[in-house]
Amino acid sequence: MAAHRRQYCSHTDVRGCSRIAPLEEDEVFGRFRFHPQTIMYLIGLLPNLAHPTKRNNPLPLLIQVLLCLQYLATGAIHLLIGDSLNISRSAAGHCIRGIALHIAGLAQSFIVFPNNTAAATKHGFSSIAGFPNVLGCIDCTHIRLKKPNNNEADFVNMKGYQSLNVQMCCDHKFVITSCVANWPGSVHDSRIFRQSALCAQFQNGQHDGLLLGDSGYPCRRFLLTPFLNPSTDAENRFNQSLCRKKVLVEQTFGILKRRFQCLHHEMAMEPPQAAVYVVACAVLHNIVILC
């Protein structure tokens, strides 16, 4: 318990910036969804981006990162987030967009398929429900958008609201191993997968293993889906075993959206920018698990 009551002192960890009062570690986590040590690790991954303000006082990188994390964690408008750190709305918005773009740029290092060795991943999945040779579970989730300026009808999903249809694959530890966030909400899950790099890799024989999907996907030699109308005990057992593993990706979506409330709210931005935030959240989700 004492370890979670360490002070996060602005005069050391924030490199001399006095805008943030000393916070307890659990207060930092409650506000930003990350412990101080993880925040400092993230800062070490980013370039030193000096963002000038109207007063020509560059914002320290830590302040920029905290602005971005607070937006991703809460989905609050930039004005409120800027006010919390005494920063203008325009400066806050610029910092949030810039840091999110740099975090999303870390995807090649932190969103990797498979995340572990293939053997370790297969063993992890096998231990859950005895289903062998599995490398990942795949599914899509919708991220609500404001009405886009262009091609509005393309983004209206089957539930009648505008969204991005985001495809993710995860492993047995809820690590996101693939993320495709650039498709509008009207596009079917199967088309997104069919045109994804992950599908091409399996078609080209780059991966020796299987993916698990739901009935929204066609069954392939490398993608197993449930029997639509199981008629035998064996088919029912297959569906039950697949379901126990398939729930992992749904749980991953839940973990991701609970940590990053911006994904729960309507994202008041154009689809390309929203896609950047989605990928940034996926990268940060993995950093929490892996680092």
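Yes or no: R89 surrounded by fewer than 22 Cβ atoms within 10 Å (Cβ to Cβ) and at pLDDT 90 or above?
Working: surrounded by fewer than 22 Cβ atoms within 10 Å (Cβ to Cβ): yes; at pLDDT 90 or above: no.
So R89 does not fit the description; no.
Among the conditions (1) under 30 Å from I63 (Cβ atoms); (2) outside any helix (DSSP H, G or I); (3) modelled with pLDDT of 90 or more, the only one that I96 does not satisfy is (2).
Filter the stretch 227-240 for residues that are modelled with pLDDT under 95 and outside any helix (DSSP H, G or I); which is nearest to C137 (Cα to Cα)?
F227
The number of residues in the stretch 175-216 that are closer than 12 Å to V249 by Cβ, touching a Ser or Thr at 6+ places or on another chain (Cβ under 9 Å) and buried (at least 19 other Cβ atoms within 10 Å of the Cβ) comes to 6. Among the criteria (1) among the aliphatic types (A, V, I, L, M); (2) under 19 Å from C170 (Cα atoms); (3) crowded, with 17+ Cβ neighbours inside 10 Å; (4) in contact with a helix residue (DSSP H, G or I) (Cβ under 8 Å, 6 or more places away or on another chain), the one I255 does not fulfil is (3).
Scanning the stretch 198-226 for residues that are more than 16 Å from C140 (Cβ to Cβ) and in a helix (DSSP H, G or I) yields a total of 4. Within the stretch 62-76, residues that are outside the structural domain of F260 (by TED's automatic domain parsing) sit with their Cβ atoms under 6 Å from residues that are part of a helix (DSSP H, G or I) and aromatic (F, W, Y), at 6+ positions apart or across chains, in these pairs: L69/F32; Q70/F32; A73/F32. Residues that are closer than 24 Å to A181 by Cβ and either at pLDDT below 90 or surrounded by fewer than 16 Cβ atoms within 10 Å (Cβ to Cβ) (or both) occur in the stretch 114-133; there is at least one.
The values are calculated or read from the model by the stated rules, or taken from the named source; none is laboratory data. Fair warning: this is a prediction, and the values are worked out from it, not measured in the lab. Every residue, glycine as well, gets a Cβ built from its backbone with ideal geometry; the counts of neighbours run over all protein chains shown.
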